[in-house]
Amino acid sequence: MEMLKCPLCDFQSKMLNSLKKHMRTQHLWDDTCPICNRQFKSLNSHLWNKAKRGCREHMVIYALTANGRNNKANEVKKASRDYAEVVLEVG
Ligand SMILES: [Zn+2]
Ligand SMILES: [Zn+2]
């Protein structure tokens, strides 16, 4: 079984959803961007703004933090899929 790895620590999981939960609870709970090390009013918008300008690190984090509250479902799905492909290529 392939494992998905947290891009920020050694945490691994088979389930994309538990990796997403891990990101939210361990790395993003105070809206601080783990790439920029700065706190944002809306971390989600910050991640998306960077991601759509082509920053892969932000895209990965965005894909792993996105939830059903926004309306970017297709972009999120694509980004999650890209992330999974990246992980599978590497691992
Ligand atoms: Zn982690
Ligand atoms: Zn950032």
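Nothing in this text is a laboratory measurement; each read-out follows from the coordinates by a stated rule. Keep in mind that this is a model prediction, so the values were computed, not measured. Methodologically, a virtual Cβ is constructed for each residue, glycine included, from the backbone with ideal geometry; neighbour enumeration extends over all protein chains shown.
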Would segment 19-33 turn up any residue that is touching a Ser or Thr at 6+ places or on another chain (Cβ under 7 Å) and part of a loop (DSSP other than H, G, I, E, B)? yes
Take the conditions out of contact with any helix residue (DSSP H, G or I) (no Cβ under 7 Å at 6 or more places or on another chain) and closer than 17 Å to Lys78 by Cβ and apply them to Arg38. Does it pass? no
Pairs please, first residue from segment 1-16 and within 16 Å of ligand 2 (Cβ to nearest atom), second anywhere and aromatic (Phe, Trp, Tyr), Cβ atoms under 9 Å, 6+ apart in sequence or on different chains. Pro7/Tyr83
Please go through segment 57-67 and pick out each residue that is not small (Gly, Ala, Ser) and not in a loop (DSSP other than H, G, I, E, B). Glu57, His58, Met59, Val60, Ile61, Tyr62, Leu64, Thr65
Return only the number of the condition from (1) on the phi > 0 side of the Ramachandran plot; (2) within 16 Å of ligand 1 (Cβ to nearest atom); (3) of a type in the set (Asp, Glu) that Asp31 does not satisfy. (2)
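Could you check how many residues of segment 34-56 are within 16 Å of ligand 1 (Cβ to nearest atom) and either assigned to a helix (DSSP H, G or I) or closer than 15 Å to Arg81 by Cα (or both)?
Filtering segment 34-56 for residues within 16 Å of ligand 1 (Cβ to nearest atom) gives 34-35, 37, 43, 47.
Those still in the list that are either assigned to a helix (DSSP H, G or I) or closer than 15 Å to Arg81 by Cα (or both) too: 43, 47.
The qualifying residues number 2.
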